[in-house]
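The values are calculated or read from the model by the stated rules, or taken from the named source; none is laboratory data. This is a predicted model, so every value here is computed, not measured. With ideal geometry, Cβ positions are generated from the backbone for all residues, glycine too; neighbour counts draw on all protein chains shown.
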There are 2 protein chains.
Amino acid sequence: MTGNGQALITERTTVRRLPARGDHRWSVIHAVLDEALVAHVGLVHDGSPVVIPMAFARVGERLYLHGSPASRLLRTMRGGAEVCVTVTLIDGLVLARSAFHHSVNYRSVVVYGAPVEVTDPDEKGAALAALVERARPGRSAETRPPNRKELAGTLVVSVGLEEASAKIRTGPPIDDEEDYALDVWAGEIPLRLTAGVPVPDPRLAPGILLPGRTSGRT
Amino acid sequence: MTGNGQALITERTTVRRLPARGDHRWSVIHAVLDEALVAHVGLVHDGSPVVIPMAFARVGERLYLHGSPASRLLRTMRGGAEVCVTVTLIDGLVLARSAFHHSVNYRSVVVYGAPVEVTDPDEKGAALAALVERARPGRSAETRPPNRKELAGTLVVSVGLEEASAKIRTGPPIDDEEDYALDVWAGEIPLRLTAGVPVPDPRLAPGILLPGRTSGRT
């Protein structure tokens, strides 16, 4: 942390394309990370780029990723390989009067760092609880906690948020001035990841409800 | 294309972790690509991994990406750098009785390839039209097409789908047998990217409707 409420502005976290969309404030970076459910984690493996979708959680100024100790990519990360973790929320389609000015409204965060394996039991437990909390707040207290075998069978790594930036586009299209006279609809079609009706496990015993709900199916 | 309805199964498109979730059929790969709006494109830049969210479109067995010729990453791609393009659709949260077996239902596609710049005017025009069609079907015919200056100001690259794989998780949690007796709700909370009410550009002239709609605001 730099102590002034924002991440470090380094060579690679400087937003070059459309810099007005860039933001380095922790508050903005945290908000994007805490809303997104999946991160795209990039690393170099045998000289080639690899990008994998992963669940993740933020605790303070660190991101936590987890998986099987048998995962080649997690082992590469544990070995100190640098990663780029990118998180994107899609907020809307931007329809302009010209094909050229079509766009997408989004909020994204890019984090550069070198993952470290989490070996401290308390930190590992907190990270795994935070990962379960992403499913729904309070969930980690509702479920059977990980046992010793499961803890040993889960590799957790963390990446610091020191070198991070957010990039955000909002609002209507920006058309060329002469195109505003065209007889073409323009604006934004908002998009949002929305939850449907919970589907109980076919093996769920009758009468067990999702806390806060009054029926097993709705 | 391999001619038998699926992508090549190479060393790196072999799904190693939970191989039952892997799929190499074109039909499956295409369906995921055609539903997703944003791809996460990974490449190696100055020795480090970089992952950026980009709009994209599929035409036949190729993916098309576009941007400013001034973009450092697009210039790196044009220079023949290898990329990994990953596309992920989030379908639901999987709540298990144990913390350990929580999961996410998803459909993802990973494509490895070396982008080539699209210079043929017909192919470039078709790619840009396909990109605009992602906003909504028929959109490219509704809007002012790109002029010569805009075409020159847009760099389009394509990546072949030869080396691609899909990975999909569906269905309820898989708990340990003894945990099925626990008094804990388990199942799936479906998630879906849904469109809201279109928001007209504040500068939209009165009476211009989005085709297929009968009111400017709904």
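Look through the stretch B:165-215, keep the residues that are more than 8 Å from every other protein chain (Cβ to nearest Cβ) and of a type in the set (Lys, Arg), and return whichever of them is nearest to A:Ser140 (Cα to Cα). Ranking the candidates gives B:Arg169 first. The set of residues in the stretch A:174-198 being crowded, with 19+ Cβ neighbours inside 10 Å and either more than 25 Å from the chain's Cα centre (by Cα) or without any contact (Cβ under 8 Å) to a residue 12 or more places away in the chain (or both) consists of A:Asp175, A:Val184, A:Trp185, A:Ala186, A:Gly187. State yes or no: is A:Thr154 in contact with a strand residue (DSSP E or B) (Cβ under 9 Å, 6 or more places away or on another chain), modelled with pLDDT under 95 and among the β-branched types (Val, Ile, Thr)? When the stated conditions are applied, A:Thr154 does not pass them. Of the strands (runs of 3 or more DSSP E) contained entirely in the stretch B:1-99, those carrying at least 3 residues that are hydrophobic (A, V, I, L, M, F, W, C), under 21 Å from the mean Cα position of the chain (by Cα) and within 13 Å of another protein chain (Cβ to nearest Cβ) fall at B:38-45, B:48-55, B:83-95. Checked against the criterion of being in contact (Cβ under 8 Å) with a residue 60 or more places away in the chain and of a type in the set (Asp, Glu), the candidates A:Glu162, A:Glu123, A:Glu117 yield just one match: A:Glu162. Residue count for the stretch B:27-52 under the criterion of being out of contact with any strand residue (DSSP E or B) (no Cβ under 8 Å at 6 or more places or on another chain) and among the polar types (S, T, N, Q): the result is 1. Restricting attention to the stretch A:100-109 and to residues that are assigned to a strand (DSSP E or B) and within 7 Å of chain B (Cβ to nearest Cβ), the residue that is farthest from B:Val197 (Cα to Cα) turns out to be A:Ser108. Would you pick out the residues in the stretch A:116-131 that are away from chain B (no Cβ under 14 Å) and either within 19 Å of B:Ala96 (Cβ to Cβ) or of a type in the set (A, V, I, L, M, F, W, C) (or both)? The answer is A:Val116, A:Val118.
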